[in-house]
């Protein structure tokens, strides 16, 4: 990324970023730099080393800034892998109104959801993996909050182990994915949208997510739900 390319575009830092009390000053500057680098293609492909050199910080610091910006709903990071699961490219998209037409995520709007690549590619991080969570739920573990069980029951996603055994494998996987994402939302600042979600929409969004980004379905699916239900859609 040369200096000439970098200075040819204006940076955009909207009010949602400027006045956010949860973002650090350097995270706001990083957001602005990403908008500048996204002007030509609708996405930014600069690597962490570029940002680290620009702001004179470590690569790990940049990774944390990006992770926080995505968690807050201001950017989306898409990882491309080859057939050997090796990372071959990374695209950073701005999740905001001026860039909506260039962002391929369904129901995109501003005020929605980084990825620290040294940790993992999706944003789900509840200190529990997908299979463990699923087993706890089908066995009615007391470790899962009763309020979350109520969410699953309302959405008709609560099954016992006997029913699970006769389900098709892909249906069980869908159920695991949906429950895992719902549990992540339950433990996040987006908890309130769970009361708006309905079963039909939840499954439709899952189908869209699986078709669009099967290799990163959890991250994509979470964002799709947030974007739809924070847009007051039902």
Single residue of 66, 30, 23 found to be in contact with a helix residue (DSSP H, G or I) (Cβ under 6 Å, 6 or more places away or on another chain) and not assigned by TED's automatic domain parsing to the domain that holds residue 187: 30
State yes or no: is residue 227 assigned to a helix (DSSP H, G or I) and in contact with a strand residue (DSSP E or B) (Cβ under 7 Å, 6 or more places away or on another chain)? no
Only unsatisfied item for residue 49, checking (1) within 23 Å of residue 222 (Cα to Cα); (2) out of contact with any strand residue (DSSP E or B) (no Cβ under 8 Å at 6 or more places or on another chain); (3) loosely packed, with under 14 Cβ neighbours inside 10 Å, is (1)
Which is within 19 Å of residue 186 (Cα to Cα) and either at pLDDT 85 or above or not in a loop (DSSP other than H, G, I, E, B) (or both), of 51, 134? 134
Among the candidates 17, 34, residue that is within 23 Å of the chain's Cα centre (by Cα), part of a helix (DSSP H, G or I) and at pLDDT 90 or above: 34
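A quick yes/no check of all residues on (1) surrounded by 13 or more Cβ atoms within 10 Å (Cβ to Cβ); (2) outside the structural domain of residue 94 (by TED's automatic domain parsing); (3) out of contact with any strand residue (DSSP E or B) (no Cβ under 8 Å at 6 or more places or on another chain); (4) not in a loop (DSSP other than H, G, I, E, B):
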| residue | (1), (2), (3), (4) |
| --- | --- |
| 147 | no, yes, yes, yes |
| 151 | yes, yes, yes, yes |
| 158 | yes, yes, yes, no |
| 172 | yes, yes, yes, yes |
| 185 | yes, yes, yes, yes |
| 200 | no, yes, yes, yes |
| 208 | yes, yes, yes, yes |
Scan region 62-84 and tell me whether some residue there is at positive phi and modelled with pLDDT of 80 or more. yes
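The values are calculated or read from the model by the stated rules, or taken from the named source; none is laboratory data. The structure presented is a predicted model; accordingly, all values stated were derived computationally and were not measured. A quick note on method: Cβ atoms are made from the backbone with ideal geometry, for glycine too, and the neighbour counts reach across all protein chains shown.
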